[in-house]
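The next block holds one structure in the form of structure tokens; read it before the comments.
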Amino acid sequence: MDDCEETRPLLVNDEHTDEDRSEQDSYLDKVKNGKLYIATFAAVLGPLSFGFVLGYSSPAIPELSKIQDPRLQLSTEEASWFGSVVTIGAALGGLLGGWIVEKIGRKLSLMFCALPFICGFTIIIAAQNHWMLYVGRVLTGLASGVTSLVVPLYISETAHERVRGTMGSCVQLMVVIGIMGAYITGLFLDWRWLAVASSIPPTLMLVCMCFMPETPRFLLSQGKRREAEEALRFLRGPDAPTEWECARIEEAYKNEEQSFSLADLKDPGVFKPLGIGIMMMLLQQLTGINAIMFYAETIFEQAHFKSSDVATVIVAATQVVFTAIAAAIMDKAGRKILLILSGVTMCVSEAVFGVYFKLTVKHNNSSLASLLTDAQGSLAEQPPTDLAWLAVGSMGLFIAGFALGWGPTPWLVMSEIFPTRVRGLGSALCVLTNWTCAFIVTKTFQNLMDAISSAGTFWMFSGLCALNVIFTAIFVPETKGKTLEEIQARFKGTYQR
């Protein structure tokens with residue numbers, strides 16, 4: 001008798017869940033995605049702007065290093081700060097974004113972050129000294145930090161589960177398109193005109209977002225049901241019964257605590273996604289992506305490419321192609337399989353990269369400049385055993401692997417796993433972790449090379465990529481095909497299949 005009583009609720013839950021899933025599929029079959037795609041395009045103009053910020057320094061630094069005006073000419077150290085100060089601004093932007101996204105909403109936060117983009121590039125255009133250049137870079141970095149937090153949230157809260165992976169992956173796709181755009185534009189324009197061109201995407205975003213809706217989940221969290229239904233009608237088309245989706249979101253929100261307190265850190269629905277999100281951002285930067293990109297020009301020179309400018313465009317194009325592939329298959333293959341495939345690919349390619357440096361660099365402990373010189377010299381001295389093909393191949397494999405999984409997926413998962421009440425705070429901590437780690441890795445890379453050699457550095461990164469695979473297999477949940485409410489229920493242990 002007791003056994004029957006215990007099993008009866010499980011049978012009821014299974015029937016209820018199957019009924020819900022059938023109703024959900026019926027609803028999604030009536031959805032039209034046209035305006036959702038338009039809203040996503042308007043939002044990802046932010047990551048496009050962000051990409052231009054990251055790519056701007058590559059063509060601008062060589063010009064500013066050779067410019068005749070002593071007030072603007074950058075030394076090696078100043079050029080290093082010009083490139084890396086963006087990460088400091090982005091870390092601050094992550095904290096700021098976590099606050100404003102809860103205060104003024106997702107839409108207005110996106111419109112707000114267009115302003116420091118435009119102001120930053122305007123200051124660079126008008127720059128008369130080094131400090132104007134630095135201030136411009138910090139402002140564009142600040143905007144990039146806000147963008148990297150708000151855009152994934154906006155997309156995850158407006159897209160439904162059938163296309164959320166593809167739409168969310170467009171964030172990283174537009175970043176790498178922006179980087180490639182800056183590289184290509186830099187082939188034809190000087191640094192001031194390149195800044196003018198870079199200010200166009202955020203201006204377009206500011207205009208386009210005026211006509212886009214706020215996210216339904218944020219509106220419901222503010223008690224604005226009528227506006228939430230109007231937003232859903234815009235996003236889902238005229239044929240979908242949006243009242244059903246609105247009621248489902250509203251019910252999940254009512255069952256959730258309305259405000260965050262420190263006691264919530266004991267809630268598995270909070271501490272589990274927070275731990276996973278922060279670790280994914282940390283491990284993304286510890287793949288060594290910045291180290292590989294640092295070596296790109298030198299490696300292409302060793303492979304007898306005449307123009308390193310063209311080589312950087314090729315690298316960026318490789319990122320674009322494989323990030324686009326990831327976006328296309330994200331909702332079919334799933335997040336975990338792409339993360340694992342990406343981690344294995346990077347682990348192997350960086351191990352091979354370490355072998356390349358072990359065979360070509362004669363002195364293990366020396367400055368970065370001499371390492372590069374020794375590598376080039378040893379190749380020149382030993383033409384029969386020219387290993388440039390090994391470096392180019394392993395670098396291409398690494399970039400493809402990163403773009404396929406660990407490039408776009410951490411940002412997508414970050415936007416999916418947090419409950420509404422901590423979505424701003426949790427995302428802010430993830431963005432802060434990512435950009436702080438990016439700054440540390442970039443600024444300490446030289447010291448690391450001196451301490452454990454170039455080969456040792458890349459073998460270390462290879463080992464960390466192996467750690468990525470283990471972490472993904474054990475801790476990262478598969479979010480493909482699930483609503484945001486179902487993902488949260490899984491963390492709390494209340495999800496029924």
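The values are calculated or read from the model by the stated rules, or taken from the named source; none is laboratory data. Source: prediction; values computed, not measured. When we count neighbours, we look across all protein chains shown, and the Cβ atoms used for this are built from the backbone with ideal geometry, even at glycine. These area figures cover heavy atoms from the full protein model, side chains too; ligands, DNA and RNA do not enter into them. Shrake-Rupley method; radii C 1.70, N 1.55, O 1.52, S 1.80 Å.
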**Request:** May I ask you to list the residues in segment 51-68 that are open to solvent by 10 Å² or more (accessible area, probe 1.4 Å) and in a helix (DSSP H, G or I)?
**Result:** F52, L54, S57, S58, P59, I61, P62, E63, S65, K66
**Asked** Looking at E214, E157, E161, which is the one that is over 21 Å from A316 (Cα atoms), among the acidic types (D, E), in a loop (DSSP other than H, G, I, E, B) and open to solvent by less than 20 Å² (accessible area, probe 1.4 Å)?
**Response** E161
**Request:** Read through the list (1) in contact with a helix residue (DSSP H, G or I) (Cβ under 7 Å, 6 or more places away or on another chain); (2) under 20 Å from V53 (Cα atoms); (3) open to solvent by 10 Å² or more (accessible area, probe 1.4 Å), then give the number of the only condition that E102 fails.
**Result:** (2)
**Fill in**
Output for Cβ contacts, cut-off 9 Å, separation at least six or different chains, first residue among the basic types (K, R) in segment 46-71, second open to solvent by 40 Å² or more (accessible area, probe 1.4 Å), reads K66/Q73; R71/Q128; R71/N129
**Item:** Of all residues in segment 217-240 being open to solvent by less than 50 Å² (accessible area, probe 1.4 Å) and in a loop (DSSP other than H, G, I, E, B), the one that is modelled with the highest pLDDT
**Value:** G237
**Message:** Exactly one of these conditions fails for P202: (1) open to solvent by less than 10 Å² (accessible area, probe 1.4 Å); (2) at pLDDT below 95; (3) over 22 Å from L404 (Cβ atoms). Give me its number.
**Reply:** (2)
**Prompt:** Given the residues L48, L110, which is the only one that is out of contact with any Ser or Thr (no Cβ under 7 Å at 6 or more places or on another chain), modelled with pLDDT of 90 or more, open to solvent by less than 10 Å² (accessible area, probe 1.4 Å) and part of a helix (DSSP H, G or I)?
**Reply:** L110
**Message:** Tell me yes or no: at least one residue of segment 434-453 is modelled with pLDDT under 80, crowded, with 19+ Cβ neighbours inside 10 Å and hydrophobic (A, V, I, L, M, F, W, C).
**Reply:** yes
**Asked** Is one or more of the residues making up segment 113-127 in contact (Cβ under 8 Å) with a residue 12 or more places away in the chain and assigned to a loop (DSSP other than H, G, I, E, B)?
**Response** yes
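Looking only at segment 188-197, decide whether some residue is among the basic types (K, R) and at pLDDT below 90.
Checking segment 188-197: not a single residue is among the basic types (K, R) and at pLDDT below 90.
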**Item:** Neighbours by Cβ (under 7 Å, 6+ apart or cross-chain): first from segment 322-349, within 20 Å of V163 (Cβ to Cβ); second open to solvent by 40 Å² or more (accessible area, probe 1.4 Å) and among the acidic types (D, E)
**Value:** G334/E478; R335/E478; K336/E478
**Item:** Options S144, S169: the member that is part of a helix (DSSP H, G or I), within 24 Å of R217 (Cβ to Cβ), polar (S, T, N, Q) and in contact (Cβ under 8 Å) with a residue 60 or more places away in the chain
**Value:** S169
**Request:** Looking only at segment 169-190, decide whether some residue is open to solvent by 10 Å² or more (accessible area, probe 1.4 Å) and farther than 23 Å from Q319 by Cβ.
**Result:** yes
